[in-house]
1. Given the options B:Ser176, B:Ser135, B:Ser155, name the one that is part of a loop (DSSP other than H, G, I, E, B), facing chain A (nearest Cβ under 8 Å) and over 19 Å from B:Tyr293 (Cα atoms).
2. All but one of (1) in contact with a helix residue (DSSP H, G or I) (Cβ under 6 Å, 6 or more places away or on another chain); (2) at negative phi hold for B:Gly132; state the number of the condition that does not hold.
3. Output the number of residues of segment B:11-38 satisfying the condition of being at pLDDT 90 or above, surrounded by fewer than 16 Cβ atoms within 10 Å (Cβ to Cβ) and not in a helix (DSSP H, G or I).
4. With respect to B:Val145, determine if the residue is within 14 Å of chain A (Cβ to nearest Cβ), surrounded by fewer than 24 Cβ atoms within 10 Å (Cβ to Cβ) and β-branched (Val, Ile, Thr).
5. What number of residues within segment B:27-58 satisfy the criterion of being in contact (Cβ under 8 Å) with a residue 40 or more places away in the chain, more than 13 Å from chain A (Cβ to nearest Cβ) and of a type outside the set (A, V, I, L, M, F, W, C)?
6. B:Leu114: in a helix (DSSP H, G or I) and either more than 8 Å from chain A (Cβ to nearest Cβ) or more than 19 Å from A:Asp94 (Cβ to Cβ) (or both), yes or no?
7. Any residue at all in segment B:239-257 that's under 26 Å from B:Ala288 (Cβ atoms), at pLDDT below 95 and in contact with a Pro (Cβ under 7 Å, 6 or more places away or on another chain)?
8. What number of residues within segment B:148-206 are buried (at least 20 other Cβ atoms within 10 Å of the Cβ) and acidic (Asp, Glu)?
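The values are calculated or read from the model by the stated rules, or taken from the named source; none is laboratory data. Since the structure is predicted, the reported quantities are computational estimates derived from the model, not experimental observations. When we count neighbours, we look across all protein chains shown, and the Cβ atoms used for this are built from the backbone with ideal geometry, even at glycine.
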Number of protein chains: 2
Amino acid sequence: MNDPAFEARIASLRARIETVLDRALALPDSATAQLRAAMRYSTLDGGKRLRPILVYASGAACGAAPELLDAPAAAVEMIHVYSLIHDDLPAMDDDDLRRGRATCHRAFDEPTALLAGDALQAHAFEVLATAGPASMPADVRLALVRELAAAIGTSGMAGGQAIDLEAVGRTLDLASLENMHRRKTGALIRASVLLGAIAAGVGSGARHAALARYGAEIGLAFQIQDDVLDVEGSTAALGKLPGADAARAKPTYPSLVGLEDARRLAQAARDRAIDALAPLGSAGGELAQLARYVVSREQ
Amino acid sequence: MNDPAFEARIASLRARIETVLDRALALPDSATAQLRAAMRYSTLDGGKRLRPILVYASGAACGAAPELLDAPAAAVEMIHVYSLIHDDLPAMDDDDLRRGRATCHRAFDEPTALLAGDALQAHAFEVLATAGPASMPADVRLALVRELAAAIGTSGMAGGQAIDLEAVGRTLDLASLENMHRRKTGALIRASVLLGAIAAGVGSGARHAALARYGAEIGLAFQIQDDVLDVEGSTAALGKLPGADAARAKPTYPSLVGLEDARRLAQAARDRAIDALAPLGSAGGELAQLARYVVSREQ
C-alpha cells in the first residue's frame, strides 16, 4: 500500500459504495423505523469494503462502467453485513464489538438484529434483480442472482458457518480447515470477483475462469490473514477484540500450523491469485495489487 | 371442504410439493450434515402448504403446466419455513412446538436453527434462479426473483415482523393491525399467487392485476382466520399451543374487534378475494374454492 494512485483508487471506491449503500437503504417506511435504523447502522460508515471493491475492480478489468457495478457491489456488501450481524448474535459468537462499535444486537436488540440480517439478505437479491441501468440484459441479472445465491447457501457461506460451528473445540486437519474457510469467507469473496465479471458481460470463457481462480485464492489468502491478525492484531486496528478465535477454541491456521507457516500459506495463496490473472494481461494489474493488499493489511 | 374433487386436488398438490422440496433439499454434502438435516426437518413432512398450493392453482388458472411451477412453489415454501424457524427462536417468540413437533432450535440447537433459516432463504433464490425447465425465459425467472425479494424484505414480511415486535404490549388501531398483517403474512401469500401467474407468462395486464388483488385479500383473510383459530383452536388441530398470541399480549383481530367481528372481517376479505377473480372467468374457480377453504379451515 505504498502506491498513492492505488490508495486513492481504493478510497474513491469506498466513497462510491458508501453512497450506493446509503441510497439502497433509504427505504421510505415510517412503520419500520427501528428495523431500517438497524440495517443502516450495521451497513453504513464502516468496514473495509473489500467485497464491493473486488466487484468494481473485477468489473473494470473486464471493461464495465462503474454504473453497471453499483448493484452487485451493494448486494455483496449487504450479504456480508447480514452474515456479520447474525454471526455476532448471542446464539453464535456473542460479540459486543464490530467495526469499533457496538454490534447490532447490542445497539438495538436481538430480535431487531435477527430481522435486520434477514431483511438485508432479501434486499441484496432485490437490489441485484432491480437496480442499475435498465439496459442490463435479463440473463445477465439472472446470472448475478444465481452466482450470489449459490455462494451463500449450504455449499457456500452458510455451509462454511455450519462447519465452523461443528468444529469448535475439535481439531481439524488442514484440508478441513481450508474447506471451511473456502466456504465461510471464500465463497462470497470469489462471488464478488465473479459478479463484477458477469455484470461486465464476462459470464464464461477464459477470463471468467481466470477470475474464478483468482477469487477463490484471494478469498483463502484473506481468511488466513484474518486468522493471523486475530493473533497479532490490536483492538484499535481490528475494531474487535483480538484473540477471540483462540478464546473460543476455534481452529485457525496459526493454531494448526503456527504463525510463520500461516503467513507463508497466505502468501502462497496470494501468489496463486496473481498467477491466475495471466489471461487478463495488463487489465489484471489492479486485481494483483488488491491481492497484495489483502495479505499485507493490518486490519 | 365438502368437494371431494377439490380435496383430492389439494392432496395431490401437497404430495407434489413434498417430492419437489425433498429433491430441492437433497443437497449432497457430508461436511454440513447437521445443517442439512435441520433444513429438511423443518421443511419436509408438515404444514398446510398453502403457499405452494396457491402457486400451482394460480399458475394453472393462467394455463401453466405444473413443471413450470415447481421451482416457485418450492421457493415460497422455503421462505415460509425460514421465517417460521427464525420466528420460533428464543430471541423472537421462543416457541417449543411447530407443526406438532419440536421447533428447529429445540430439535437441533439455536445456531443451527439460525443458519438453517438463513440457508433456506438463500436456497429459495437459488431454486428460483436455476431450477425448472431450461426453456423458461430469463426475464420470467428474473421477474420471479424480483417479486419474491420485494415480498419478503422491509416492505413485506421482514417489515411486518418488525411492526409485530414493536407492537407487543401496545394497542394498535385496526389500520395498523391490517398493515402489519398485510406485510407479515399477506405479502408472501400475495407473492405466491403472483409467482404462479408470472411463471405462466402472466407478468402484467388485467389477469395479473386481478391476481394481485386476490392474493392480497386471501392473505388478509388467512391471517384474520389465524388470529381467530388462535383463540378457538385446540393444540391437536393447530400443532402449536392456542392462546399464544394473547399470552404474549400481541394485538390480534379478536382482541381488537371481538371474535364475531373478526370472523366477519375474514369473510369480507374472502369475498373481496373471490370478486377480484372476475377477469379470469371460469379459470378462477379453483382459486375461489381456495379462498373459501382458507376461511373455513380449522388449522
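1. Numbers: B:Ser176 fails: part of a loop (DSSP other than H, G, I, E, B); B:Ser135 fails: facing chain A (nearest Cβ under 8 Å).
Just one listed residue meets the conditions, B:Ser155.
2. (2)
3. Number of matching residues: 1.
4. no
5. Count: 9.
6. no
7. No, that holds for no residue.
8. 1
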